[in-house]
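Written out below as structure tokens is the structure these notes cover.
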Amino acid sequence: MQTENKSYYGWVVWFVSALFYLYEFLLRVSPSVMASELMQTLDLTAFGLGSMTAFYFYSYAALQIPVGYIADRIGPKLPVVIACIVCIIFSFLISKAHTVWVFKLCYFMIGCGSAFAFVSTLFLIHSWFPQRQFILLSGLTNFLGILGAIFAQKPLAIYIDSHGWRDAQVLISGIGCIILVLLIVFIKNNNIKKDPVSIKSFNKIISKPVYWLLGLYVGCMHFTLAGFGALWGASYMGIVFHETSVKAAAMASFLYFGSLLGSLFIGFVTKLFRTKTSAMCFISTVGVLSSLAFINIPDVKYLGETLIFIVGFSTSGFLLGYDVVGIITPKDLVGTASGFLNTILVGLSSLSVSLIGYFLVLGATSPHHYSSVDYRHAMIALVVSFSIALITALYLQYKRIDK
């Protein structure tokens, strides 16, 4: 009976932790529906906006390995509570900010807090559940994260349209307060290793090329969610398909609907193949073909929504990299290894928002006006990222790392 109760409570712990990941996605994606307002308020170019919001990813990436180490050492409860408080405070401060440097500071600190969401949830999954349930629960975690991203699209755009982006930031910080209470009440650590993870043990992770390659794979598969979804998606849909800001945000959210569905079915897709790396090759191939079609189609709304949905479905393939880590890594180093992969993932995410913004400015005739052609050319970056993921997966399959 005690074991059964523990199993049930594990689901509660996972769900509440995953809600923090949902909130982290809301924080990450919300600038995409405020892009025009932020550029106007701060007199920024596309590259300037991308560089400013990238401060979120800089701190997020820098903290991933420390987050994994902390989770391995003391457990995630106290860190995620403090992290959520940081997110709430600096999300609220954005609503009062008027200068670029204050925005950069706020995004940097929100990135610090958000850094604990995903890795801590993965750690709790490994602590409370057997390995066979990892791909299911990591998929469900991503499912909840994507729900946060969807809320940050059309629903938030409607709120901004009627109340303004500053009031929207206050609303976002209020949602964080609710999540904070749940974290304090329900999160419990389980099976925490008391001995500290040594530098020698950490070196076992970073000295193995397989972890770097898995990091490259998950980062490139996630590239589109960051570059297109978190910042440029709504603007792209508005310009290319000639839609209002609210309708463009609704169209851009199809990326997240696709990723949401992919999160639920990625485990099923994996079972269709003999090895995890074969599934990685398949899903990255889908990403290459669908993103290539997306940036070349005529401006027909239903085609755009369909293809970006398929692109979103393929992005869920990044979860397979973490599944492989759980298989090949000693249990006491899973948090550290997952944090290392997330460092690479978020590093590439920070590159994506700036890189697409740079390509927009590079091809534009005016620093504040970007045509549909400019947007299509800039989104070639999505095709390139999926292609790199495919090449990496093919190499990992050749090396048979998941045998």
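Laboratory data are not the source of any read-out in this text; all were calculated from the coordinates shown. For clarity, every value in this text was computed on a predicted model and none was experimentally measured. A quick note on method: Cβ atoms are made from the backbone with ideal geometry, for glycine too, and the neighbour counts reach across all protein chains shown.
Set the Förster distance to 30 Å, then compute FRET efficiency between residue 74 and residue 15 from the Cβ-Cβ distance, nearest 0.05. E(calc), rounded to 0.05, equals 0.85. Average 1/r across all pairs of distinct alpha carbons in the range 135-179, invert it, and you get the Kirkwood radius: 11.6 Å. Label point of residue 206 set 7 angstrom out along Cα-Cβ; within the range 51-70, amide nitrogens under 17 Å from it belong to 59-70. Measuring between alpha carbons in the structure, the pairs from 96/188; 188/331; 208/276; 154/271; 104/247; 154/276 lying more than 24 angstrom apart are 96/188; 154/271; 104/247; 154/276.
With the biggest extent put first, the Cα atoms of the range 60-101 measure 40, 19, 7 Å across the principal axes. Along the range 238-254 the Karplus relation, 6.51 cos²θ - 1.76 cosθ + 1.60 evaluated at θ = phi - 60°, assigns HN-Hα couplings of x, 7, 5, 9, 6, 10, 5, 4, 5, 5, 5, 5, 5, 5, 4, 5, 4 Hz to successive residues, with x for each Gly and Pro. Using a Gaussian network model of the chain in which every pair of alpha carbons under 10 angstrom is joined by a spring, one finds that among 124, 171, 272 the greatest mean-square fluctuation is at 272. Positive end of the dipole of the chain (Cβ unit charges, origin at the Cα centre): among 18, 261, 240, the Cα lying farthest that way belongs to 18. Per-residue 3J(HN,Hα) values for the range 35-46, derived from phi via the Karplus relation 6.51 cos²θ - 1.76 cosθ + 1.60 with θ = phi - 60°, read 4, 4, 5, 5, 5, 6, 4, 9, 6, 10, 7, 4 Hz in sequence order (x marks Gly and Pro). With viscosity set to 1.306 mPa s and temperature to 10 °C, compute the Stokes-Einstein D of the range 108-170, Rh being the Kirkwood radius across alpha carbon pairs; µm²/s, no decimals. Translational D for this selection: 115 µm²/s. Share of pairwise Cα-Cα distances greater than 18 Å in the range 3-96 is 59 percent (whole percent).
Using Cβ point charges alone (K and R +1, D and E -1), the dipole size of the chain about the Cα centre works out to roughly 1300 debye. For the range 17-30, putting each phi into the Karplus relation 6.51 cos²θ - 1.76 cosθ + 1.60 with θ = phi - 60° gives couplings of 4, 5, 5, 5, 5, 4, 5, 4, 5, 4, 5, 5, 8, 3 Hz, in residue order, rounded to whole numbers and with x for Gly and Pro. Restricting the range 231-330 to trypsin sites (Lys or Arg not before Pro) that sit in a DSSP loop and have at most 11 other Cβ atoms within 10 Å of their own Cβ leaves 274.
Within the chain, the percentage of alpha carbon pairs spaced more than 37 angstrom apart rounds to 17%. With kT/(6 pi eta Rh) evaluated at 37 °C and eta = 0.692 mPa s, and Rh the Kirkwood radius from Cα pairs, the range 255-345 diffuses with a coefficient of 231 µm²/s according to Stokes-Einstein. Debye sum, Cα scatterers, the range 240-303, no solvent: what log₁₀ I/I(0) at q = 0.13, 0.17, 0.24 1/Å? The Cα Debye sum returns log10 ratios of -0.49, -0.73, -1.07. Within the range 305-356, the proportion of Cα pairs with more than 15 Å between them is 60 percent. If the segment from residue 299 to residue 273 were pulled out straight at 0.36 nm per residue, it would be longer than the present Cα-Cα gap by 5.8 nm. Inter-label distance, residue 331 to residue 162: 5.1 nm, where each label sits 7 Å from its Cα along the C-beta direction. Protection proxy ranking for 40-50, 339-349, 304-314, using the average of other Cβ atoms within 10 Å per residue and placing the highest first: 339-349, 304-314, 40-50. Ranking 279, 293, 313 by Cα position along the charge dipole of the range 265-347, where only Lys, Arg, Asp and Glu carry charges on their C-beta atoms, puts 279 farthest toward the positive end. Extension gain, residue 399 to residue 184: 0.36 nm times the residue separation minus the Cα-Cα distance gives 73.0 nm. For the range 282-403, the Kirkwood hydrodynamic radius from C-alpha pairs, put into Stokes-Einstein at 10 °C and a viscosity of 1.306 mPa s, yields a diffusion coefficient of 97 µm² per second.
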